[in-house]
Amino acid sequence: MKKNNFLSDEIGSSLGSISGPFSVYIHIPFCLRKCPYCSFFSVPATPGGCEKYLDLLKKEILFYRAFLGKESEASTLYFGGGTPTLLTPEQWEGLLAFCGENIPISPSAEITVEANPESFTERHAAVWRNGRVSRVSIGVQSFIDGDLLWLERPHNASKACDAVLTAVREGFSVSADLMFGLRNQTLRSWASSVKIALELGVEHISLYQLTIDEGCRWNSSPPSGMADGYPFYRWSQWFLPRKGFSQYEIASFSLPGRHSRHNTAYWRRNPVLGLGAGAWGFLGEKRYRNEGSLEEYASSVRSCGGSVAGIEPVSGEKAAREAAVLLLRTKWGISFDAFSHKYGQAMLDNIRDTLRREAPCDCLSETSAGLSLTPKGMRVANALWSLIV
Ligand code: SF4
């Protein structure tokens with residue numbers, strides 16, 4: 001625990017040196033059951049377990065509050081999971097009130113909660129509205145029952161529709177996660193899911209290709225017959241802009257002004273305080289991770305208030321290359337002035353020359369002010385990243 005103590009103090013000091021806006025990510029690691037393709041940190045929810053976890057989170061918030069400078073303010077808060085809707089509305093009421101009292105939150109902050117259709121209720125929505133939540137990001141994945149069954153999700157299409165309708169009706173800015181590359185998925189069934197999301201009133205869509213990463217159940221015996229994702233992604237790039245949705249990031253489309261400010265803070269390498277078991281944060285050119293098991297998280301928070309398990313400094317050339325990749329994920333791309341000011345003209349020239357020389361044609365859009373990816377560039381982004389890092 002001494003190590004956690006030392007590392008948490010180091011991250012606390014980095015937080016203390018911030019004199020402007022920062023973002024906060026709070027991880028709620030509980031799920032009903034583990035989806036077979038999921039390698040995120042999550043554990044089965046138990047009533048007593050959630051309550052204990054919330055007590056620990058509050059202790060961790062108090063630990064960092066002691067470091068915060070007078071000038072710093074959270075401009076975004078994001079409650080992610082896991083399945084945050086497994087907390088009861090009463091637990092949410094307590095957590096949001098505690099955050100409001102102990103984190104300096106800007107009056108114009110974006111506050112997002114992730115919701116899963118099977119556990120999101122009107123009572124959650126009412127408590128969130130009172131607690132200043134502005135965005136709800138719903139783990140829909142698909143509006144096709146067959147897709148959801150195959151993914152072993154605990155909700156069906158009708159539940160997904162209800163969840164989106166409830167969140168829209170309650171006045172939140174609603175985002176839906178949708179997944180492509182599924183078994184037996186066709187362009188027609190994918191298009192149907194995307195169109196239903198739009199008809200229900202979402203203002204933001206995050207599109208993910210199903211991947212079978214290390215650590216998930218399907219990794220040892222990957223399913224067969226998964227659809228090639230490329231046509232689905234390409235169709236979405238064609239269709240969504242016709243409906244007023246701009247692709248502002250590789251996996252993200254939104255109506256004007258409805259992009260995720262929290263995620264944009266990550267891509268711009270702005271400071272992020274990560275709280276909770278398994279959370280990641282980024283403060284003062286250091287990426288850090290909290291303990292990734294509930295037991296270790298609990299024991300560390302009880303003994304020293306924080307739970308930092310590891311810190312990776314990201315500075316110099318490494319920071320510049322990472323920044324280039326993150327910025328190019330977004331439609332705003334690299335601003336030459338800002339990039340050279342922060343990382344040096346030589347670094348900018350190096351990255352720009354490499355891309356000009358090696359990137360396939362029609363992948364880059366360059367002006368006198370900056371460089372970004374074209375829709376084609378976004379489709380082949382992984383190949384471009386290997387040129388930069
Ligand atoms: S995919 Fe989401 S709901 Fe499923 S186990 Fe992972 S975090 Fe939980």
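The values are calculated or read from the model by the stated rules, or taken from the named source; none is laboratory data. Just so it is clear, the model here is predicted, and its values are computed rather than measured. Positions of Cβ are generated from backbone atoms using ideal geometry, with glycine treated the same way; all protein chains shown enter the neighbour counts. Side chains included, ligands, DNA and RNA excluded: accessible areas come from the protein's heavy atoms. Shrake-Rupley method; radii C 1.70, N 1.55, O 1.52, S 1.80 Å.
Residue-by-condition table, conditions (1) over 13 Å from PRO84 (Cβ atoms); (2) more than 16 Å from the ligand (Cβ to nearest atom):
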residue	(1), (2)
GLY94	yes, yes
PHE98	yes, yes
ILE103	yes, yes
PRO107	yes, yes
THR112	no, no
ASN116	no, no
THR121	no, yes
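How do the pairs read when you match residues in segment 32-43 that are assigned by TED's automatic domain parsing to the domain that holds PHE120 with residues anywhere that are within 7 Å of the ligand (Cβ to nearest atom) and in a strand (DSSP E or B), using Cβ under 7 Å and keeping only pairs 6 or more apart or on different chains?
Filtered contacts from segment 32-43: SER42/CYS31; SER42/GLY81.
How do the strands (runs of 3 or more DSSP E) wholly within segment 262-312 filter down when requiring 1 or more residues that are open to solvent by 50 Å² or more (accessible area, probe 1.4 Å) and under 28 Å from ARG135 (Cα atoms): which remain?
So the answer is 280-283, 286-290.
Residues are listed down the side, and each one gets a yes or a no for (1) modelled with pLDDT of 95 or more; (2) within 16 Å of the ligand (Cβ to nearest atom); (3) crowded, with 20+ Cβ neighbours inside 10 Å:
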residue	(1), (2), (3)
LYS2	no, no, no
LEU15	no, no, yes
ILE18	no, no, no
SER23	yes, no, yes
HIS27	yes, yes, yes
TYR53	yes, yes, yes
ILE61	yes, no, yes
GLY69	no, no, no
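Within segment 152-159, is there a residue that is crowded, with 20+ Cβ neighbours inside 10 Å and more than 18 Å from LEU32 (Cβ to Cβ)?
Checked against the condition, which is being crowded, with 20+ Cβ neighbours inside 10 Å and more than 18 Å from LEU32 (Cβ to Cβ), segment 152-159 yields no hits at all.
Which residues, taken from segment 71-92, are within 16 Å of the ligand (Cβ to nearest atom), under 21 Å from PHE22 (Cβ atoms) and not in a strand (DSSP E or B)?
PRO84
So, in segment 93-111, exactly how many residues are over 15 Å from GLU71 (Cα atoms) and part of a helix (DSSP H, G or I)?
Adding up the residues that qualify gives 9.
Which residues, taken from segment 143-163, are within 13 Å of the ligand (Cβ to nearest atom), over 21 Å from the mean Cα position of the chain (by Cα) and more than 19 Å from VAL202 (Cβ to Cβ)?
Once the filter is applied, which keeps residues that are within 13 Å of the ligand (Cβ to nearest atom), over 21 Å from the mean Cα position of the chain (by Cα) and more than 19 Å from VAL202 (Cβ to Cβ), segment 143-163 yields GLU152, PRO154.
Considering segment 229-246 alone, what residues qualify as being polar (S, T, N, Q) and open to solvent by 30 Å² or more (accessible area, probe 1.4 Å)?
Taking segment 229-246 and keeping what is polar (S, T, N, Q), we get 236-237, 246.
Listed by number, the list holds a single entry, SER246.
GLU114 fails exactly one of the following numbered conditions: (1) among the charged types (D, E, K, R); (2) open to solvent by 10 Å² or more (accessible area, probe 1.4 Å); (3) part of a helix (DSSP H, G or I). What is the number of that condition?
GLU114 satisfies all of (1) among the charged types (D, E, K, R); (2) open to solvent by 10 Å² or more (accessible area, probe 1.4 Å); (3) part of a helix (DSSP H, G or I) except (3).
For residues in segment 37-51 being more than 9 Å from the ligand (Cβ to nearest atom) and part of a loop (DSSP other than H, G, I, E, B), which is farthest from the chain's Cα centre (by Cα)?
THR46
Consider TYR248 carefully, then state whether it is away from the ligand (no atom under 16 Å from the Cβ), farther than 25 Å from GLU110 by Cβ and aromatic (Phe, Trp, Tyr). Before the answer, list the steps.
Details: away from the ligand (no atom under 16 Å from the Cβ): yes; farther than 25 Å from GLU110 by Cβ: no; aromatic (Phe, Trp, Tyr): yes.
No: the conditions fail for TYR248.
For the structure I just gave you, tell me whether MET226 is touching a residue at least 12 places away in the same chain (Cβ under 8 Å), of a type in the set (A, V, I, L, M, F, W, C) and open to solvent by 20 Å² or more (accessible area, probe 1.4 Å). Break it down into steps so the answer makes sense when it comes.
Values: touching a residue at least 12 places away in the same chain (Cβ under 8 Å): yes; of a type in the set (A, V, I, L, M, F, W, C): yes; open to solvent by 20 Å² or more (accessible area, probe 1.4 Å): yes.
Answer is yes for this residue.
Return the total of residues in segment 247-261 being among the polar types (S, T, N, Q) and surrounded by fewer than 21 Cβ atoms within 10 Å (Cβ to Cβ). Walk me through it before giving the result.
Pass one, segment 247-261, residues among the polar types (S, T, N, Q): 247, 252, 254, 260.
Okay, now just the ones that are also surrounded by fewer than 21 Cβ atoms within 10 Å (Cβ to Cβ), so 247.
Residues flagged as among the polar types (S, T, N, Q) and surrounded by fewer than 21 Cβ atoms within 10 Å (Cβ to Cβ) within segment 247-261 amount to 1.
Keeping to segment 348-373, report how many residues are open to solvent by less than 80 Å² (accessible area, probe 1.4 Å) and part of a helix (DSSP H, G or I).
Going through segment 348-373 one residue at a time, the tally reaches 8.
May I ask you to verify whether GLU199 is assigned to a loop (DSSP other than H, G, I, E, B) and in the same structural domain as CYS35 (by TED's automatic domain parsing)?
In short, no.
Given the residues PRO222, PRO241, which is the only one that is at pLDDT below 95 and either on the phi > 0 side of the Ramachandran plot or not in a strand (DSSP E or B) (or both)?
PRO222
Would segment 374-384 turn up any residue that is in contact with a Ser or Thr (Cβ under 8 Å, 6 or more places away or on another chain) and outside any helix (DSSP H, G or I)?
yes
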